[in-house]
Every structure is written in C-alpha cells, then in structure tokens.
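Report on one structure; see the data block that follows.
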Amino acid sequence: MPLITPNIDECAARLRAGHLVAMPTETVYGLAADARQDVAIQKVFALKGRPSSNPLIVHLQRAEQVVEWAAEVPTAAQRLMHACWPGPLTLVLPARDEVSRSVTAGQDSVALRVPAHPQAQALLTAFGGGLVAPSANRYMSISPTSAAHVAQQFADSDLWILDGGACQVGLESSIVSLLPGDSPRLLRRGMLSQGQLEAVLGEPLEGKDGGVRAPGQHHRHYAPSTMTLAFAQAPAEALASPRCGWLWCGQAQPSQGPALNLGNEPQAYAAGLYAALYQLDALGLERLYIQLPPQQDAWAAVHDRLARASQRI
Ligand code: AMP
Ligand code: MG
C-alpha cells in the first residue's frame, strides 16, 4: 500500500537511498528519483511501465543549477528561465556529458524545469540535487493531480507520496527546445501558451515537427479507460441515456447520466480536468462525452490533451 506523508526530510532521505517518491508539482504529481542514480531511474521506468526510449525531465530547485546539467545556456533560454521559472515550463538544452543517457533516452539533450509548488521546492531543497519526475501514473493513463490519484495508480506498491494537495495548473508543462543549429520549438503545449512564450522570446516558436526528436508524445495518452468522445454538438440519444457521462465547458444541457461542468475559464478548467476524468472514469459508464472548448490560444493545451484522451465526433 502507498503511504501518503507530509514528511519532507524522510522523503528526501528515501530519494538519497535510491527509492522513488511521488512529488506534488503545480502541473501534475511526478514520480521522483535521484537523476544521478541510474538504478533509481530504472525503477521509474519499471514502475510506470514506460518505455526507456521516452526521456525524463530533470527538476531543479533553482535556475542557477542548470549549468550542472546543460552544456550551453543560450540567451533565449536565460530569457525564458528569468520570466517563467519557477513555473510550468520545461527547457530542452544540450546535455553535459555526465548526464545519464537513461535520463535523456540516449540523446545529447536534457529537459530541465524548476517547479513552483512549495512542497516540490521544499523537497528539492532538502534533497539538494536534480530529480527526474515524470507524471506519477502508469504509462498511457491519466496524469494524477492529487495524492489520492497517485495512490490509486500504484495501489499495490509501497510508494511514498508527498502530499501537496490538488495541483494548481493541472496539465503537464509546456516544453520548449533551444538547441544549437535549430529554431526554438514548442515540443509540448502547456498552460504557458505559445503567445506568452513568444512574447518573452521576441521570436516565433516553430512546431515540434522538424529537427528535434521529442519521444513520448503519443497520440493516445492521458486517456480514461471508458470510451471517450469529444463533441461540439451533443448527440440527443446520448443525453437520454443514463449510461453516458458528461464533461461540460460552460453551458450544460440536461442529461440522464452523471455530469460535471468545469466552466469556460481555461485556467480553472485545466486545473480540474484530470480530476474530473478520474471521477467520471470510476463510474463504469458506457461512454464519456466531452464538450469541446473554444478554439483559442488560451485553450490550446486543453485541446491537445482532449485530442489524446478522446475521439472527435
Ligand atoms: P513527462 O512525460 O511529463 O515526464 O515529459 C517528458 C517528455 O519531455 C518526453 O516525453 C519528451 O517529449 C520530452 N523530453 C524530455 N527530455 C527530452 C529531450 N532530451 N529531448 C526532447 N524532448 C524531451
Ligand atoms: Mg506523463
């Protein structure tokens, strides 16, 4: 059985001893391990069931530690670090030789982030080094945004989970790659939008197709086990069925089946999305229907995750 604990120092001691600890961050809960211990890193891949071709993000307590991991820190990276850290932004930079290739999935680049969550900050301070922390869920399932979600994902393990309440951002970080000889690229959308990042950079961000390999961006990801359909127009026969569940974004229509409404404000919607999916998925429904939000930059990360969790109808 997992143990949900508030004890930072004991969690840091377990990490030093090569154990895993689930750590709250402002994006989602991460499955943390010492990024300098290969044996501990292997435990992350094994517990998640994640392929080793999928690289991990190294979490640091402060921006000054970046030089311990990155061989180069270009001006564009310094701008983003200054404006967005601590926060939900990951930077992909050239890796120093001593960074384990288990972390980078064999690549010469490393992904780095300084999380803002107070418990993540406290744990990183007590631990002292870098922590890999991919989302604390089994491969391909919904990312956890509470300690209870993590416990549910790893019910048969003795994982320690540092309790940090509900995640405030709720979606995985935006990932920007800044590698020599390539344009700045947005590898993954997050709640720091493309427009916000471009305003800091002073130049446009290209898409992920091109020079950089960004493994682990599977089309099906973050998915409930219930068949999930995204709609602009709700099908009348589904509204009449008690076996269909609903996730609304603003104006809800009356339905026979259970319904949640996350509202039409993108930050609050993102913060509640995964918890809503966990809740509806647990009901054993036949189908889950998700109302599509507006097509706007502020909703782009939500659209990305909905596209991975559902089929468009
Ligand atoms: P997460 O699943 O939230 O831990 O995020 C890990 C994702 O970050 C991976 O699936 C990649 O898409 C991206 N990533 C991590 N490290 C690198 C890297 N060195 N180069 C390119 N993308 C990376
Ligand atoms: Mg993940």
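On a per residue basis, the convex hull of the C-alpha atoms belonging to the stretch 169-313 measures out at 104 Å³. Electrostatic tally near residue 65: other residues with Cβ closer than 13 Å to its Cβ, Lys and Arg +1, Asp and Glu -1, net +2. Reported to the nearest whole Å, the Cα centre-to-centre distance from the stretch 144-208 to the stretch 1-78 is 14. With viscosity set to 0.890 mPa s and temperature to 25 °C, compute the Stokes-Einstein D of the chain, Rh being the Kirkwood radius across alpha carbon pairs; µm²/s, no decimals. Stokes-Einstein gives a translational diffusion coefficient of 123 µm²/s. When you filter the trypsin sites (Lys or Arg not before Pro) in the stretch 69-106 for DSSP loop state and at most 15 other Cβ atoms inside 10 Å of their Cβ, you are left with 96, 101. Taking all protein chains into account, the per residue accessible area for the stretch 22-178 stands at 33 Å² (1.4 Å probe).
Of the chain, which part is the longest with no GluC sites (Glu not before Pro) in a loop (DSSP not H, G, I, E, B) and with at most 15 other C-beta atoms within 10 angstrom? It works out to 99-285. Using only Cα atoms, tell me the angle between helix 75-84 and the longest principal axis of the chain; keep it within 0 to 90° and round to the nearest 10. Tilt of helix 75-84: around 50 degrees. For the chain, the longest principal axis of the C-alpha atoms and the axis of helix 118-127 are separated by about 30°.
Note on the chain: with neighbouring protein chains present and a 1.4 Å probe, carbon and sulfur make up 52 percent of its accessible heavy-atom surface.
The values are calculated or read from the model by the stated rules, or taken from the named source; none is laboratory data. Model, not experiment: these values are computed from the prediction. With ideal geometry, Cβ positions are generated from the backbone for all residues, glycine too; neighbour counts draw on all protein chains shown. Accessible surface is based on the protein model in full, side chains and every heavy atom, while ligands, DNA and RNA are left aside. Shrake-Rupley method; radii C 1.70, N 1.55, O 1.52, S 1.80 Å.
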